[in-house]
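Each remark here refers to the structure printed beneath this line.
The values are calculated or read from the model by the stated rules, or taken from the named source; none is laboratory data. Everything numeric here is computed off the predicted structure, so don't read it as measured data. In this analysis, Cβ positions are derived from the backbone assuming ideal geometry, glycine residues included, and neighbour counts consider all displayed protein chains. SASA here: full protein model, heavy atoms, side chains in, ligands and nucleic acids out. Shrake-Rupley method; radii C 1.70, N 1.55, O 1.52, S 1.80 Å.
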Amino acid sequence: RIVSDGDARNALGSDALTGLPGAFLQTFIGELFSTPERAALATQLIGAPLALACLDALGQDKATYGSGGRDELLRRAQISAVASRHARRGMLELVAALEDKQIPCLAIKGLATAYAYYDAPYLRLLPDADILVRQSDLPALCAHLKAEDYVSVVDPASDRPWGALTRASFAPVTPRESGDFYVDFHRLVIDYPASRGVPTPELFASARRVDTENGTLSVPSAEHSFLILALHAFRDFYEPRGLKALFDAAFLLARQPPDWSLVEAMARRGRSVRRTIFYRDLLAEFGIAGAEGLFAGRSLGAPSHTLVQTIAANMRSLALPRLPDGLKLRLEMRLYDSPLHLVLRNGERLAGLVIRRTHDLPGLPIEKAEA
């Protein structure tokens with residue numbers, strides 16, 4: 001029996017995608033699930049509950065559901081829904097405990113969109129929770145996590161030769177005893193200079209509360225949520241691992257369209273205009289409508305449009321889980337607003353080869369995740 005969330009007991013079906021643009025469903029999602037092999041990869045990236053909803057909405061034949069057909073995918077979706085509820089309970093209880101200690105928390109990215117825009121939160125695959133806290137609350141946060149026996153986790157699979165470049169967030173933490181869930185704590189939602197467009201005090205000031213099965217949760221405004229999606233898509237080089245965030249954007253635009261004048265002002269302030277326009281064009285390429293008014297009439301030119309098509313083709317085929325370094329460099333060269341930012345970023349990488357950086361929360365023991 002599926003563990004339901006609120007009144008969303010029928011969310012494991014085509015109704016879960018109500019409101020999504022038809023072009024996004026029929027062309028992009030349709031292509032993702034056009035073969036059993038591609039459908040299996042997509043299911044790994046977005047989770048069985050959302051994959052089942054996609055296939056049901058498309059009316060696919062039994063063969064496309066993969067080994068075992070729809071019944072097997074439904075079984076996996078039910079198991080995933082139960083496991084997701086268990087993990088979310090731990091995440092929400094931690095947030096509640098921190099707020100009881102006067103440490104305000106703001107959910108961003110997946111945990112926020114799961115409750116703000118999806119029919120049921122278990123439709124959104126949550127490998128971890130991203131939680132924003134104020135810089136001044138970090139000592140109290142670390143003291144609480146240490147007292148509750150949390151540990152920082154180092155993932156060998158994502159370890160880079162130059163170490164951690166970010167100053168915005170910290171290595172994931174998890175309860176040592178259970179390891180039931182992971183939390184990435186942030187003091188900024190993105191690194192400088194883009195962080196100037198989405199400063200932490202402003203995010204908290206414009207936050208709203210949404211209902212969960214464990215009280216309420218603070219989430220960003222639609223404008224902040226959209227720009228966070230755009231900035232993190234660039235940070236992740238638009239690779240297939242970001243597939244689930246495309247659904248976040250589609251649901252957000254369908255259910256709470258942002259005020260584009262506010263988004264434009266934030267992008268200018270954070271010197272992230274080119275990344276924001278590229279993201280707008282990428283969404284349009286996928287058939288996700290609603291962002292046409294963002295920087296209306298502005299174009300990045302033919303070379304950037306070619307990059308949009310290249311990225312979109314890879315996201316449809318899921319052929320390259322990681323983009324070649326040369327393509328990543330082209331993206332950075334085209335999409336940073338200032339060449340200086342590109343020089344500084346690569347300077348950090350070179351410096352990191354000499355003195356490796358870490359981003360562990362201070363005071364917490366460190367454990368290595370399995371490779």
Exercise for review: Round to the nearest 0.05 the FRET efficiency obtained for VAL343 and ARG167 when R0 = 22 Å and r is the Cβ-Cβ distance.
Suggested key: 0.80
Practice item. Based on the mean of other Cβ atoms within 10 Å per residue, sort peptides 50-57, 266-273 so the most packed one is first. Key: 50-57, 266-273
Check your understanding: How much FRET efficiency would the formula 1/(1 + (r/R0)^6) give for ALA289 and ALA147, where r is the Cβ-Cβ distance and R0 is 51 Å, rounded to 0.05?
Key -> 0.60
Check your understanding: Computed FRET efficiency, Cβ-Cβ of SER136 and ARG209, R0 30 Å: what is it to the nearest 0.05?
Key -> 0.85
Revision key, fill the gap. By accessible area (1.4 Å), largest first, SER195, SER261 order as SER261, SER195
**Study point:** Of ASP130, ASP248, ASP211, the one that fluctuates the most in a GNM where the chain has Cα springs shorter than 10 Å
**Key:** ASP211
Study note, to complete from the structure: Whole-percent carbon and sulfur contribution to the accessible surface of the chain (1.4 Å, no ligands, DNA or RNA) stands at 53 percent
Point to revise | Lys pairs, the chain - Cα-Cα below 24 angstrom, 8 or more residues apart or on other chains | key: 7
Exercise for review: Extending each Cα 7 Å along its Cβ direction at ARG176 and GLU93, get the distance between those two points in nm, one decimal.
Suggested key: 1.8 nm
Revision key, fill the gap. For the chain, dividing by residue count, accessible area per residue (probe 1.4 Å) in Å² works out to 44 Å²
